[in-house]
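Notes follow once the structure below has been shown.
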Ligand code: GLN
C-alpha cells in the first residue's frame with residue numbers, strides 16, 4: 001500500500017499504528033527470507049514508536065502523513081542505540097551515540113523504524129554485492145541483483161515489506177536500484193536534505209532521499225526530510241514548498257531534452273526501446289521532446305571515480321583501528337581499491353594530474369547542465385544503461401560495474417536533483433525513466449514525474465510472490 005492509503009486507514013481508525021507495525025514485522029519476517037533486504041530488524045524500537053504514534057493519533061491533533069507508518073533506513077544512516085554497519089565488517093559492533101537528522105525528522109512526526117537495510121559496503125557499488133553480510137535479491141527475479149548501493153531499500157519497498165525507505169545517492173545509489181526494482185527514487189538537490197549522520201562516501205556528492213511506491217509518496221517524504229540543518233554546513237537555507245500540493249499541474253508546453261550523447265553506444269537496445277516509448281508518452285501528455293546536449297557525458301565516470309575515491313581516502317582514514325573497533329583488515333576489496341585509488345589521486349606529484357584536473361572538468365559538467373537548462377525544463381533518459389543483471393556478472397570486473405553509473409553520476413557532480421520512476425518493462429525486467437531538473441526544482445520535477453506516472457500503470461505492477 002502507498003503511504004496515502006495507509007494514512008487514511010490510520011486517520012479513520014480502521015487500524016492502529018501498533019497493529020500496522022505488527023503486520024509489517026510479520027511480513028518482513030516472511031518476505032526477507034526471500035529477498036534479504038534487511039541487515040537488522042528493530043521490533044522493540046518499532047513497537048515503542050508505534051505506541052507514541054497511536055497516542056498522537058488518539059489526541060486528535062494534526063497528524064502528518066508519515067505518523068504511525070513503518071519505514072526502513074539504509075544502514076549508512078546512523079541511528080542512536082541501533083547498530084549501524086554501513087554493510088561493513090569493520091563497523092559490525094558499532095552502535096552510534098547519535099542519530100542522523102533525516103532519522104530525527106522522521107521520528108519527530110512519529111514515524112516507525114522497522115529496520116536497517118542492506119547496501120554495498122560504505123555505499124560503494126551498483127549491485128549491493130559488495131555488502132559484507134548478505135546478497136539482496138531483486139524481487140522481480142531472484143537470480144538478479146536489486147541494483148545498488150541502496151539495493152536493500154529498493155528491494156524492501158518493491159517487495160512490499162515497507163511502504164517507504166530512505167537511501168543515499170552519491171552517484172546513483174537511490175535512482176539505479178529504484179530503476180532495477182520498479183519503484184520511485186528521488187535524489188534531491190545537493191544541500192536540500194541534511195547529510196548530518198550519513199556515513200559519508202563522497203561528502204561533496206552525497207544526498208539522502210526517499211524510495212517509495214509512488215511519486216506522491218516521494219513528495220510526502222521529501223516534505224519531512226528536506227530543509228536547512230545547522231549541523232550540516234552544506235545544507236541550504238531556502239524556502240520549503242509543500243511538494244505534494246500541486247502535483248497534478250501537468251507538463252503541457254514544458255520542454256524535455258534528450259541529450260544526444262545518451263542514446264549512443266553503451267546503452268542496451270532493450271533499455272533504449274522502453275525509454276523511447278516512455279518519451280512518446282511524455283509527448284502524448286503535451287510535453288515537448290527536444291534534442292539537447294551534455295557534451296562532457298563521456299568524462300563523467302572518470303571524473304566521478306577520481307573525486308569520489310579521493311574523498312573516500314580521506315573519509316575512511318578515521319577507521320584506524322583506534323577510534324572504531326576493528327582493524328583495516330576488515331575492509332572489503334572494493335573499499336580497499338577505492339582507498340588506494342583516492343590516495344594515489346591525491347598524492348603530491350599526481351594531485352594536479354588527477355584530482356585537480358577532475359575538479360576542473362567537474363565544473364565544466366556543471367556548466368553543461370546550466371547551458372542545457374537555458375533551453376529545456378528537464379533532461380530525460382534511461383536511469384540505467386543496462387537491465388538488472390545476474391549475480392556475479394559484473395562484480396569481478398570493476399570497470400564494467402562502474403559503467404552502470406553512466407547516466408546517474410553527472411547529476412551528483414552538478415548537484416542537480418533527479419528522479420527515477422517506473423518507465424516500463426523489457427522481458428519482465430523493470431526499466432526506470434530518469435528525469436533531471438535544475439537546482440532546487442524538486443517541485444517541478446515531482447510534477448513531471450507525477451504526470452508520467454498517472455498516465456501509465458507500471459507503478460501498479462508488483463513482483464509476484466510477496
Ligand atoms: N555506483 C556508484 C558507486 O559505486 C554510486 C554509489 C552511490 O551512489 N552510493 O560509487
*asked:* Based on the alpha carbons, how large is the Rg to Rh ratio for the stretch 210-318 when Rh follows Kirkwood?
replied: 1.05
*Overall dimensions of the stretch 1-118 as given by Cα atoms, namely Rg and Dmax in Å*: 14.4, 46
*Return a whole-number percent for the relative contact order of the stretch 1-158, with Cα pairs under 8 Å and 6 or more residues apart as the contact set.*
25
*Take every Cα-Cα pair in the stretch 130-203 and report what % of them are more than 17 Å apart.*
42
*Hey, how many Å between the Cα centroid of the stretch 47-67 and the Cα centroid of the stretch 316-344?*
42
*How large is Rg over Rh for the stretch 277-384, taking Rg from the Cα atoms and Rh as the Kirkwood inverse mean of 1/r across Cα pairs?*
1.17
_Dimensionless Rg/Rh of the chain - Kirkwood Rh, Rg from C-alpha atoms_ = 0.94
*Which whole number in µm²/s is D for the stretch 93-248 by Stokes-Einstein, with the Kirkwood Rh taken over Cα pairs at 20 °C and 1.002 mPa s?*
137
*Quick one: grab Rg to one decimal and Dmax as a whole number for the stretch 59-144, Cα atoms only, in Å.*
15.1, 47
*What percent do you get for the relative contact order of the stretch 255-372 when only Cα pairs under 8 Å and 6+ apart count?*
30
*asked:* I'd like the Kirkwood hydrodynamic radius of the stretch 260-336, using the inverse of the mean 1/r over distinct C-alpha pairs, in Å.
replied: 16.7
*asked:* I'm checking a number: the convex hull volume of the Cα atoms of the stretch 28-72, normalised per residue, in Å³. What is it?
replied: 76
_Within the stretch 121-152, list the residues whose amide N lies under 13 Å from a label point set 7 Å along Cα→Cβ of residue 34._
137-143
_Kirkwood hydrodynamic radius over Cα pairs of the stretch 188-263, then Stokes diffusion coefficient at 10 °C and 1.306 mPa s, in µm²/s_ = 109
_Need the full-extension length gain, residue 460 to residue 238, defined as separation in residues times 0.36 nm minus the C-alpha distance. One decimal, nm._
76.5 nm
*Note down, for the stretch 88-185, the three equivalent ellipsoid semi-axes (square root of 5 times each alpha carbon gyration tensor eigenvalue), biggest first, whole angstrom.*
21, 17, 12
*Among 137-145, 395-403, the order from most to least packed when residues are scored by Cβ within 10 Å on average*: 137-145, 395-403
*What percent does the relative contact order of the chain come to when contacts are Cα pairs within less than 8 Å and at least six residues apart?*
17
*asked:* With only alpha-carbon pairs counted, each pair once and no self-pairs, how large is the Kirkwood hydrodynamic radius of the stretch 345-404 in angstroms?
replied: 14.9
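Every number here is computed from the coordinates shown, using simple stated rules; none is lab data. Here the structure is a predicted model, which is why all the values come from computation and not from measurement. Cβ: placed from backbone, ideal geometry, glycine included. Neighbour counts: every protein chain shown.
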